[in-house]
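FYI, it's all coordinate maths here, none of it is from the lab. As the structure is a prediction and not an experimental result, all values here were calculated from the model. Please note: Cβ atoms are built from the backbone with ideal geometry, for glycine as well, and neighbour counts cover all protein chains shown.
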Amino acid sequence: MAGPKAPRAGGRPPAHPRGLAARARAAAAEKAVAGAQAGPLCVVRAVAAGADPAGVSGRGMAAADRPLRPGAGPQSYQGVPGAYSEQASLTAYPDAELLPCPDFEAAFTAVAEMAADHAVMPVENSLGGSIHDNYDLLMQYQLFIVGEVGVPVRHCLLALPGTKLEDVERAMSHPQALFQTTGYLGERGIRMEAVDDTAGAAQMIAEQGLERCAAVASSRAGELYGLEVLDRDIQDNKDNVTRFVKLAREPAVVDPGVPCKTSVVFALEEGPGQLFKALSVFAMRDIDLTKIESRPLTRAGGPRGANLLPESRGFAVLFYVDFEGSLATENAQNALRHLQEMTTFLRVLGSYERDRDRRER
């Protein structure tokens, strides 16, 4: 079986996050303030009026007058070639031009500033849990989740050619990858050193000729950077999968009957049983929740600059919820109508086709 295709040469380099990110955040904050002032009622009002449900958010309805063209333009991801994010991008958009970015925010910015059509970002791992930075960025940028893809993680120990496993003294990789291989590395007395990217660790070892040092990364990273595989499948748990979401400036258009998932984020007033009451709107309609995540909400608001909570509120949280079903269905619409009655903020992040591979397992 042929391996994943290398990214096309000659692609535009990612814009530096400092300039583009500042402008994108400013625009997102302005839109978020308008949405917060409009209130969460605009979610269900727009749906009830017959608007495209996938295009509704806490700031109103996004323009959705043209369907998405998957893979039509550059797709951004965090990391360098050989990263698991690249593998996810190639799975999601096999024929696309790929745009590697130095960090998560730069990948979001590339889409917000139209340097890329889509971004493919990790949000959770079956062993390491949620990637909190990307949940926060979902609130800071006005992008939509338009799909998801699960990537099996098979870590390898990579080193300069000729290196023996017993000679390795330290291993470099992303903190999540090191966490997932703690047992393997600890048993062999190998020190762990965190860097920004799995494939970036392999690239660093190759370019700097680091001896007695190994990278925890994919086998593709070893091929790209001329490193030798000392050991394969070194993750402590073999059932290791990372879930990625596909992001775009406009919502997905999903054919009726296709199994879907919907992602929302909301904030609640203080009080006993508020979260229980909020989640019960799904339970009473037999809607299956597949994910719930809480994140701190600062006074600046989720989208920066939006004051989403009363002044008396001190520490507060946002709740991210994924549930099975399309927002185009009456059942999901009724659940959100009910939910909005008890929220101070409600935004639909996207309604999109569920990952086919995960449906079939």
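General remarks:
- Other residues lying with their Cβ under 13 Å from the Cβ of Lys277 contribute a combined charge of -3, Lys and Arg counting +1, Asp and Glu -1.
- Here Lys246 is the anchor, and the aspartates and glutamates within straight C-alpha reach of less than 12 Å, apart from those fewer than 8 places off in the same chain, are Asp117, Glu148, Glu353, Asp355.
- Cβ crowding within 10 Å ranks Ser173, Ser76 as Ser76, Ser173, fewest other Cβ atoms first.
- Shape category assigned to the range 156-236 from the gyration tensor of Cα positions, a/c cut at 1.5: rounded
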